[in-house]
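Visitor: Once you've had a glance at the structure underneath, I'll fire off some questions.
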Amino acid sequence: MPGSVKIRLAAARALYGALRWAGASDAAPLTDVRAARDPVPAWEKRKPYSQADIKKLLIRADPQQTVILLLDAHCGLRVSEMLALTHTDVHLDGERPYLSVMSKRQKRQEVPLSQSTEQALRQWLTMAPQLGIQVLTLKTRKGVSDQLRKLCAVSEVRYDGRHVHGLRHTAGTEIYRQTRDLLEVRDHLRHASMDTSAIYVNHVRTQDKAINRDW
């Protein structure tokens, strides 16, 4: 795949650069080598789960799986953010319940909760108050991935090509579908750049009815 080739080229260039810096070699064989352009658009590589998929998953989900689904599909949390979430980061009282999340840029940000996510968190935290400071009992990305993979299997929902991150894409897609506002997508998913948010335009367009369908 073009992405894998780019990674390997970068590693090889770094190796030859280190050899030149150490005086062990003057070779620079990859200077003019370029990876082929990836023919698959970025937005097609990780597609969202549909709302019908989410409903099927929620029917079969246990309380912790429900929290994982909604933190991602409604709140747009990354897996790393879910794993790092502590009880003190969860603010359920007040007119606007929210999570205090440390983003991948090490920036503390507030994420609003949907009503169903608030209810799921209340139920889970009441059931498991003794489990420690972390909201989830799972400690690794693999643990979260394994839970979703198993849930998809019993719910007859496709996991391949979407994985856990596809739930975050569900959040972004649904926000753009309802608002048609990329600023809303950017703010909710906490993107550093609007370019990242733009992929959700394509997700929605592929699901919308063709503009000439009723002509």
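Visitor: Return yes or no: is Val154 more than 19 Å from Ala84 (Cα to Cα) and not basic (Lys, Arg)?
Guide: yes
Visitor: Would you confirm, using the coordinates I've provided, whether Leu125 is over 22 Å from Leu189 (Cβ atoms), touching a helix residue (DSSP H, G or I) at 6+ places or on another chain (Cβ under 8 Å) and surrounded by 13 or more Cβ atoms within 10 Å (Cβ to Cβ)?
Guide: yes
Visitor: Please specify each residue of the range 177-215 satisfying the condition of being acidic (Asp, Glu) and closer than 29 Å to Ser100 by Cα.
Guide: Asp181, Glu184, Asp187, Asp195
Visitor: Yes or no: the range 53-70 includes at least one residue that is surrounded by 16 or more Cβ atoms within 10 Å (Cβ to Cβ), in a strand (DSSP E or B), at negative phi and assigned by TED's automatic domain parsing to the domain that holds Leu189.
Guide: Within the range 53-70, not a single residue is surrounded by 16 or more Cβ atoms within 10 Å (Cβ to Cβ), in a strand (DSSP E or B), at negative phi and assigned by TED's automatic domain parsing to the domain that holds Leu189.
Visitor: Considering the range 195-215 alone, what residues qualify as being without any contact (Cβ under 8 Å) to a residue 60 or more places away in the chain, among the hydrophobic types (A, V, I, L, M, F, W, C) and in a helix (DSSP H, G or I)?
Guide: Val201, Val204
Visitor: Give me the helices (runs of 4 or more DSSP H) completely within the range 74-168, filtered to those with at least 1 residues that are more than 24 Å from Lys56 (Cβ to Cβ), ordered by residue number.
Guide: 79-84, 115-127
Visitor: Then there is this: Any idea which of (1) exposed (fewer than 13 other Cβ atoms within 10 Å of the Cβ); (2) free of Cβ contacts under 8 Å to residues at least 40 places away in the same chain; (3) more than 22 Å from His91 (Cα to Cα) is the one Gly161 doesn't satisfy?
Guide: If we test Gly161 against (1) exposed (fewer than 13 other Cβ atoms within 10 Å of the Cβ); (2) free of Cβ contacts under 8 Å to residues at least 40 places away in the same chain; (3) more than 22 Å from His91 (Cα to Cα), just (2) comes out false.
Visitor: Next up: Scan the range 52-95 for residues that are closer than 15 Å to Leu189 by Cβ and either touching a residue at least 60 places away in the same chain (Cβ under 8 Å) or touching a Gly at 6+ places or on another chain (Cβ under 7 Å) (or both) and jot them down.
Guide: The answer is Asp72, Ala73, His74, Cys75, Gly76, Leu77, Arg78, Val79, Ser80, Met82.
The values are calculated or read from the model by the stated rules, or taken from the named source; none is laboratory data. All values reported here derive from a predicted model rather than from experimental measurement. Note: ideal-geometry Cβ built from the backbone for every residue, glycine included; neighbour counts use all protein chains shown.
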